[in-house]
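None of the figures in this text is laboratory data; all of them are computed from the coordinates on show. Computed from a prediction, not measured in an experiment: that's the story for all the values here. Backbone-built Cβ (ideal geometry, glycine too); neighbour counts: all protein chains shown.
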Amino acid sequence: MDRYRPGYHFTAPRGWLNDPNGLIQWQGRYHMFYQHNPHEARWGHIHWGHAASDDLVHWVDLPIALAPEPGAPRDDGCWSGCAVNDHGVPTVVYTEVRGGVQLPCVATGSADLLTWHKHPRNPVITAPPAGVQVTGFRDHCVWREGENWCQIIGSGIVNQGGACFLYRGRNLLEWEYLGPLCAGSVYDGDEMWECPDLFALGDRHILVLSPIPLGRAVYLAGRYEAHRFLPEARGDIDGCRDFYAPQSFVDERGRRLMVGWLREARDDSAQLAAGWSGAMSLPRLIVPRDDGRVGMEPAPDVAVLRGPRYARAALDVPPAAWFILDDLHSDMLEIAASLDPGAAERAGIAVRASPDRQEATVIAYEREAGRLVIDRRCAGSGASDSPTIALPLAPGETLDLRIFVDRSIIEVFANGYVCLSARVYPVRDDSDGVALFAEGGTARLLSFEAWRMPDVMQRL
Ligand code: FRU
């Protein structure tokens with residue numbers, strides 16, 4: 001078995017996986033579709049893979065839902081989209097690519113969501129808005145507004161920036177163009193907004209985007225009024241490019257949950273040799289916060305995975321050698337820790353660490369810069385850059401971390417609103433340790449718990 005293959009994050013049974021698509025809870029069961037090449041572990045010939053779960057944690061892979069037309073050239077396929085309940089009929093709105101042209105399409109599912117039929121009237125929108133030179137026209141977010149459906153399609157305007165186009169339909173087949181929901185400017189540096197996702201959160205709306213060439217997921221917070229979205233602030237969904245193209249949905253309990261694609265950070269040749277590529281993030285719970293930030297936490301459902309518990313009493317972490325947690329060894333863990341950086345300039349937790357500290361992935365808080373870092377310089381054989389995200393701790397505020405380690409996946413949630421995910425590929429067999437460290441002053445560990453996590457992914 002490939003030592004980098006995650007055990008509790010979803011991966012396709014074989015081949016390539018990218019964006020999550022069509023997230024929906026249908027008659028109690030969670031369904032997740034995904035961009036998938038079943039033939040090999042590289043992007044191309046894109047299908048919609050399908051998985052289902054009763055608890056958001058244990059997933060069963062199901063037969064492929066959508067496939068490119070037989071004989072279609074390699075670059076064609078069924079690209080990203082979403083799922084809705086159309087008066088009792090499970091329906092997906094997605095992009096088909098024919099001869100390089102991106103076309104909005106619809107498919108309907110059987111009651112068990114196992115069989116899908118592309119609608120004979122596809123494509124349901126035949127061209128991008130007239131008179132606009134677009135950089136792309138794909139990816140869909142569909143919602144109900146009174147009697148009507150509304151959808152936005154990801155795009156960009158040549159020499160201007162990213163854009164989302166808004167459409168309205170009395171049904172999912174006939175759409176009227178209402179205008180741009182929102183468009184960026186040259187100053188943002190975006191050429192195209194992939195995978196737009198618009199939803200209400202508290203008293204505002206959030207527009208999640210995956211801009212090209214930025215390559216990581218961001219959000220705009222603002223007002224959605226009179227069919228326009230007026231951004232007031234921009235923030236990060238995740239600080240790292242290894243988390244991309246997220247999609248969210250509301251489950252039957254009314255919770256807004258988000259899943260993103262954790263792309264690989266190792267060579268194409270290593271992915272091909274492994275025979276699989278790409279994983280899904282853990283489901284994130286999205287909540288409004290009083291301070292105006294978008295709250296993001298691991299869905300509480302993930303706690304069912306917790307195995308044997310390990311705990312440490314509070315202790316000072318002086319700026320000396322790493323404090324290695326001798327009896328905690330695993331490449332699959334959840335860690336919940338609270339740390340007061342105190343006088344330390346840099347403090348945090350190393351995971352996937354070898355006993356001699358030569359190999360390790362270091363999760364560090366840098367006080368001066370007010371940011372969180374996943375330091376991958378000595379993490380192993382994959383990417384060695386170190387993604388960062390702003391985390392300005394107020395005086396006296398503690399660093400509250402939830403860290404998920406799943407072989408090649410590191411997902412960090414901090415203080416209820418900051419997320420940083422990274423892929424790592426340690427090469428040493430003994431890189432399964434955990435250590436605490438501080439530099440430039442003493443930090444204080446206030447609490448530390450960890451749980452071993454099981455391998456729950458179904459394998460063929
Ligand atoms: C984002 C994306 C989407 C597109 C899909 C193709 O990763 O490029 O814009 O629909 O992937 O697989």
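So here's what we get for this one:
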read-out: The chain, relative contact order [Cα under 8 Å, separation at least 6], %; value: 14
read-out: Sequence-separation-based contact order of region 306-452, relative, with Cα cut under 8 Å and 6+ spacing, percent; value: 43
read-out: Efficiency of FRET between W143 and D316 - r from beta-carbon atoms, R0 51 angstrom, step 0.05; value: 0.50
read-out: The chain, helix-only ellipticity at 222 nm - DSSP H runs n ≥ 4, -39,500 (n - 2.57), divided by all residues, nearest 500; value: -500 deg cm²/dmol
read-out: Order of V412, V89 - criterion: other Cβ atoms within 10 Å of each residue's Cβ, fewest first; value: V89, V412
read-out: Percent of alpha-carbon pairs separated by more than 19 Å within region 53-114; value: 43
read-out: Cα pair count fraction exceeding 40 Å, expressed as % - the chain; value: 19
read-out: Dipole of the chain, positive direction: furthest Cα of A270, L62, N122, with charges on the beta-carbon; value: N122
read-out: For region 261-271, Karplus couplings with θ = phi - 60° (6.51, -1.76, 1.60), whole Hz, Gly/Pro x; value: 8, 9, 6, 6, 10, 10, 4, 4, 5, 5, 5
read-out: Efficiency of FRET between V456 and D54 - r from beta-carbon atoms, R0 22 angstrom, step 0.05; value: 0.95
read-out: Under the Debye formula (equal points on every Cα, no solvent term), log10 I(q)/I(0) of region 306-452 at q = 0.14, 0.15, 0.21 Å⁻¹; value: -0.58, -0.67, -1.43
read-out: Residues of region 81-99 with amide N under 17 Å of a point placed 7 Å along Cα→Cβ from Q27; value: 84-92
read-out: Coil-residue trypsin sites (Lys or Arg not before Pro) of region 116-196, DSSP, other Cβ within 10 Å capped at 13; value: R121, R170
read-out: Cα centroid of region 80-152 to Cα centroid of region 174-204, whole Å; value: 17
read-out: Estimated dipole of region 305-369 in Debye, rounded to 20 [Cβ of Lys and Arg +1, of Asp and Glu -1, Cα centre]; value: 200
read-out: Additional length obtainable on full extension of the chain from H119 to R228, 0.36 nm per residue less Cα span; value: 36.3 nm
read-out: Shape box of region 389-450 [Cα atoms, principal axes, largest first, Å]; value: 40, 25, 22
read-out: Cβ-placed point charges (K, R +1; D, E -1), dipole of region 15-302 about Cα centre in debye, nearest 20; value: 320
read-out: Cβ-based exposure ranking for L328, L17, L446, L198, in which fewest neighbours within 10 Å come first; value: L446, L328, L198, L17
read-out: Which of W79, W175 has the fewest Cβ neighbours within 10 Å, and the rest in rising order; value: W175, W79
read-out: Estimated translational D of region 181-303 in µm²/s (Stokes, Kirkwood radius over Cα pairs; 20 °C; 1.002 mPa s); value: 137
